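Colleague: Submitted below is the structure of interest, expressed as C-alpha cells.
The values are calculated or read from the model by the stated rules, or taken from the named source; none is laboratory data. Just so you know, these numbers come straight off a predicted model, no measurement behind them. Cβ placement follows ideal geometry from the backbone for every residue including glycine, while neighbour counts extend to all protein chains displayed. Ligands, DNA and RNA are excluded from the accessible area calculation, which covers all protein heavy atoms including side chains. Shrake-Rupley method; radii C 1.70, N 1.55, O 1.52, S 1.80 Å.
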Amino acid sequence: MLREKFNVLVQRIKDEAGTYWKEDLESVEDSIKQCGRYIKTVNDMESAITSARFRMEPEDYREYIMNLDRSRKIEHDALIVSVRVLNRLCSMYRVDPIFIGDLENRIEIAEFAKAVVDEMFETRQM
C-alpha cells in the first residue's frame with residue numbers, strides 16, 4: 001500500500017515533468033532512504049544497549065549511549081522533515097498524502113518509517 005502510494009506520486013511527478021521534477025523525484029527517494037536510516041539508527045542503539053554495558057566501563061558506556069541517543073534524535077528530526085517534504089510534494093502534485101497522521105507526533109512518524117522499511121523489504125524486487 002505504501003509502495004503503491006510512492007509509485008503514484010512518482011508517476012504524477014514524471015507525468016507533469018515541471019521545472020523541479022528531478023529534484024522532486026530525488027526528494028521522494030530521499031524520504032524512503034531516511035526511513036531506513038532512522039530504523040538503522042534505532043537498531044544500532046538497541047543492540048548497543050543489549051551488549052555494550054557488558055564490554056565497556058560504566059563511564060564509557062554512558063558516553064557511548066549518549067552519543068547513540070544524540071544520533072537517533074538527529075535522524076528522527078531529519079525523518080520528520082523528510083515526511084513533511086513528502087506530504088508537501090503529495091499536495092503539490094495533487095495526490096493523497098503518503099503519511100496519514102499527526103506531523104507533530106514523533107511516535108506516529110517513527111511507526112511510519114518502520115512501516116515503509118517493512119513494506120519495501122517485503123515487496124523488494126529481486
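Colleague: Using the alpha-carbon atoms, what tilt in degrees (0 to 90, nearest 10) does helix 2-16 show relative to the longest principal axis of the chain?
Modeller: 40 degrees
Colleague: Taking 8 Å as the Cα distance limit and 6 or more residues as the minimum spacing, I'd like the relative contact order of the chain as a percentage. Could the numbers behind the result be given before it?
Modeller: Values: 96 pairs, mean separation 45.3, N = 126.
Here the relative contact order equals 36 percent.
Colleague: I would also like to ask the following. Which log10 I(q)/I(0) values, to two decimals, does the range 1-114 give at q = 0.14 Å⁻¹ under the Debye formula with one point per Cα?
Modeller: Normalising to I(0) and taking log10 leaves -0.63.
Colleague: Sticking with this structure for a sec: So for THR41, THR50, what's the accessible-area order with a 1.4 Å probe, most first?
Modeller: Values: THR41 20, THR50 90 Å².
Heavy-atom accessible area, descending, gives THR50, THR41.
Colleague: Which residue, VAL81, VAL95, ALA110, has the largest displacement toward the positive end of the dipole of the chain when charges sit on each Cβ (Lys, Arg +1; Asp, Glu -1)?
Modeller: So the residue furthest toward the plus end is VAL95.
Colleague: Here is the link list: LYS33/LYS114; LYS40/LYS73; LYS14/LYS114; LYS22/LYS114. Which ones come out longer than 22 Å on Cα distance?
Modeller: Working: LYS33/LYS114 12 Å; LYS40/LYS73 13 Å; LYS14/LYS114 27 Å; LYS22/LYS114 26 Å.
In this structure, LYS14/LYS114; LYS22/LYS114 lie more than 22 Å apart at Cα.
Colleague: Separate question: Quick one: P(r) of the range 13-70 from all Cα-Cα pairs, 10 Å bins, percents rounded to integers, in order of increasing distance.
Modeller: The percentages, shortest bin first, are 21, 29, 18, 16, 12, 4.
Colleague: Another question, then. I want to check the label-to-label distance for ALA78 and PHE54. Put each point 7 Å from Cα in the C-beta direction and report it in nm to one decimal.
Modeller: 3.1 nm
Colleague: Tilt of helix 106-122 relative to the longest C-alpha principal axis of the chain, in degrees (0 to 90, nearest 10)?
Modeller: Value to nearest ten degrees: 70.
Colleague: Where the only charges are on Cβ atoms (+1 Lys, Arg; -1 Asp, Glu), what is the dipole of the chain about its Cα centre, to the nearest 20 debye?
Modeller: Working: 20 positive and 25 negative charges, 30 e Å.
So the dipole magnitude of the chain works out to roughly 140 debye.
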